[in-house]
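Bear in mind these aren't lab numbers, they're just calculated from the coordinates by the rules spelled out. Predicted model only: the values in this text are computed from it and were never measured. For neighbour counting, all protein chains shown are included, and Cβ atoms are generated from backbone atoms with ideal geometry for every residue, glycine included.
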Amino acid sequence: MGFIAKIHHVAYRCNDAKETVEWYRKYLDMDFVLAIAEDRVPSTKEPDPYMHIFMDAGGGNVLAFFELPTKPPMGRDPNTPTWTQHLAFEVDSMQRLTDVKARMEADGIEVVGPTEHTIFKSIYFRDPSGHRLELAFNTATPDMKRRLDDVKWEMLDEWARTKKAPKHAAWMHEQEFSA
């Protein structure tokens with residue numbers, strides 16, 4: 001085990017701090033735990049007013065956002081597909097996944113899924129700033145976890161050599177492609 005105790009927080013930019021707090025409270029039941037506002041960036045001393053908000057993502061995990069009113073509108077890396085960068089949260093039941101999906105869709109939020117990943121099921125959606133989020137419910141059996149653990153290094157080494165998807169865990173998708 002390494003020396004990192006846990007992730008202190010993960011920070012993203014948002015369009016509107018208040019809207020973000022309200023949205024994460026309403027749809028993901030996160031508590032608003034802290035707000036910090038400064039006229040200067042503490043690390044760089046750059047004059048740049050910001051609002052930094054912190055949300056309780058459960059289990060000691062904190063999700064934070066910066067609203068930066070003096071900066072150009074948010075963008076994204078045009079070379080990275082929109083499905084790639086996302087933040088996934090684990091939920092305690094499939095019913096919770098279904099309930100959140102229904103509540104979001106009732107309010108006009110587009111939700112993809114549930115998607116079957118064999119070892120978990122998930123839904124995908126975007127927050128008001130456009131960040132892609134995922135809620136996941138674990139469905140893996142101990143045997144599935146063991147089988148994946150047994151091949152992880154072989155898969156990584158093969159990928160590093162070939163840049164082609166290794167087939168060591170193809171069993172995860174056999175039903176999907178045979179249907």
Fill in the blank from the handout: Longest the chain segment clear of chymotrypsin sites (Phe, Trp or Tyr not before Pro) sitting in DSSP loops (not H, G, I, E or B) with at most 12 other Cβ atoms within 10 Å runs 84-179
Problem - Efficiency of FRET from Cβ geometry, Lys6 and Met144, R₀ 22 Å, rounded to 0.05 - result: 0.30
Exercise for the section: Calculate the tail of P(r) for segment 69-174: the fraction of all Cα-Cα distances greater than 21 Å, expressed in %. Expected result: 53 percent
Handout entry: In segment 47-111, GluC sites (Glu not before Pro) in a DSSP loop with at most 10 other beta-carbon atoms within 10 Å
Key = Glu110
Exercise for the section: Provide, as a two-decimal number, the C-alpha radius of gyration of segment 114-153 over 2.2 N^0.38 Å, N being how many residues it has. Expected result: 1.51
Handout entry: For segment 1-74, average projected area of the Cα convex hull in nm²
Key = 6.2 nm²
Handout entry: At 0.692 mPa s and 37 °C, Stokes D of the chain from Kirkwood alpha-carbon radius, µm² per second
Key = 172 µm²/s
Fill in the blank from the handout: Under the helix-only model (-39500 (n - 2.57) for each DSSP H run of 4 or more, divided by the residues of the chain), the mean residue ellipticity at 222 nm, to 500 deg cm²/dmol, is -9000 deg cm²/dmol
Problem - Using alpha-carbon coordinates, inclination of helix 17-28 to the longest axis of the chain, degrees - result: 30 degrees
